[in-house]
Amino acid sequence: MELSPILSGQTVQNAVREVGINANHWYAIARSKDVKRNRTLLTQIWEQKINLFRDDRNQVQAVERVESNLPAQHYPVQEKYGIIWLFPGDPTLAEHHALPQIPEYGDRHYLMMQGQAEFNAHFSICNENTMDVFHGHLHQNLQSWFAPALIKLQETADSVTAEYKVSCNNLIAKVLGLSDGNVTTKVMSIDFCYPHFVNRLEDVSTIYLMRVPVGKTESRSISLLFLRLPVPPWLLSAFRPVLQPLIVHSLFLRFLKQDIEMIESEQENYLKNPTRRYVEINPAIIALQRLIVRQYEQYLQSRQ
């Protein structure tokens with residue numbers, strides 16, 4: 001269903017700050033490199049504590065951590081794209097849900113960087129931050145675009161897609177080949193296919209962001225950033241060991257730090273006054289909130 005992209009004030013329903021997850025999806029629970037042989041990794045998704053470990057065949061296993069002698073639940077798990085994926089819901093439904101497709105993974109034309117972050121905030125606040133590009137002034141020295149305008153918005157039962165027109169004309173844009181010195185316009189698309197995000201800036205950059213709701217005020221994320229720089233693959237390969245840490249530390253982590261501060265501030269404000277009503281002008285955020293609530297309600301109905 002296509003929605004109007006016109007910005008207009010709508011009152012946000014605070015119920016979205018209290019909902020749980022639809023567990024009948026694959027979640028990126030950990031990075032492959034963090035699950036080692038002969039060692040157990042304790043992790044958590046929506047207040048379920050889970051032990052991850054590798055068996056004698058080096059296959060990852062996921063088992064519920066219990067504090068009693070009760071039988072522990074085993075979870076469906078997959079390993080792909082350097083990520084451990086877990087299905088915390090009805091295990092009989094796991095085979096009917098596909099993992100996200102990441103065609104850029106392993107493509108030598110792209111520079112790939114993997115990231116991980118923790119947030120002291122409900123996952124809905126984290127997701128809204130990802131969908132909303134109108135706080136770009138916060139990152140004005142760390143991103144390649146400015147002056148976003150929402151031009152298209154679509155919503156389905158399990159997804160929201162927003163397209164923004166953005167302008168490019170700074171040093172970062174020139175390095176990425178987005179600008180030749182003059183202001184140019186590009187289209188940025190943000191796809192939220194519950195529970196994961198894909199953010200694309202035409203054919204230049206793509207971010208796959210996998211949210212891990214840990215608890216009511218705690219979330220994590222695992223991300224894969226792909227950059228297509230205007231250099232031949234052989235040259236990119238030669239400079240990859242230098243470029244990856246340079247971009248991560250000089251841009252990515254600084255960008256992330258600003259987002260974490262903003263997200264956690266919003267959570268603190270909500271906890272101080274959970275009945276507060278506020279107005280949201282971006283219809284993409286309203287559609288995102290509807291989807292989060294709808295998915296949780298569907299999960300509750302499936303358990304009846």
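The values are calculated or read from the model by the stated rules, or taken from the named source; none is laboratory data. Computed from a prediction, not measured in an experiment: that's the story for all the values here. Here the Cβ positions follow ideal geometry from the backbone for every residue, glycine too, while neighbour counts run over all protein chains shown.
Only one of the numbered conditions (1) among the β-branched types (Val, Ile, Thr); (2) in contact (Cβ under 8 Å) with a residue 24 or more places away in the chain; (3) more than 29 Å from Glu104 (Cβ to Cβ) is not met by Val63, and that is (2).
Only residues that are at pLDDT 95 or above and in a loop (DSSP other than H, G, I, E, B) were counted in the range 72-94, giving 7. Pairing each residue of the range 286-304 that is not assigned by TED's automatic domain parsing to the domain that holds Ser159 with any residue that is assigned to a helix (DSSP H, G or I) and loosely packed, with under 14 Cβ neighbours inside 10 Å, provided the two are 6+ apart or on different chains, yields no C-beta distance under 6 Å. The combined condition, being of a type in the set (A, V, I, L, M, F, W, C) and assigned to a helix (DSSP H, G or I), is not fulfilled by Ile222. Residues that are within 25 Å of Tyr110 (Cβ to Cβ) and charged (D, E, K, R) within the range 230-273 comprise Arg240, Arg254, Lys257, Asp259, listed in sequence order. Checked against (1) in a helix (DSSP H, G or I); (2) at pLDDT 95 or above; (3) within 28 Å of Tyr81 (Cβ to Cβ); (4) of a type in the set (D, E, K, R), Glu268 passes all but condition (3). Quick check on the range 96-104. Is at least one of its residues part of a strand (DSSP E or B) and modelled with pLDDT of 95 or more? No, the conditions are met nowhere in the range 96-104. The set of residues from the range 271-303 being β-branched (Val, Ile, Thr) and either part of a helix (DSSP H, G or I) or surrounded by 16 or more Cβ atoms within 10 Å (Cβ to Cβ) (or both) comprises Ile285, Ile286, Ile292, Val293. Could you tell me whether Tyr278 is touching a helix residue (DSSP H, G or I) at 6+ places or on another chain (Cβ under 6 Å), over 13 Å from Asn129 (Cα atoms) and aromatic (Phe, Trp, Tyr)? The answer is no for Tyr278. Within the range 18-71, the residues that satisfy the criterion of being assigned to a loop (DSSP other than H, G, I, E, B) and touching a helix residue (DSSP H, G or I) at 6+ places or on another chain (Cβ under 7 Å) are Val19, Gly20, Ile21, Asn22, Ala23, Asn24. Residues in the range 189-237 that are buried (at least 21 other Cβ atoms within 10 Å of the Cβ) and free of Cβ contacts under 8 Å to residues at least 60 places away in the same chain: Leu201 alone. Would you check if there is a residue in the range 229-244 being in contact with a Phe, Trp or Tyr (Cβ under 8 Å, 6 or more places away or on another chain) and under 18 Å from Pro103 (Cα atoms)? No, the range 229-244 has no match at all.
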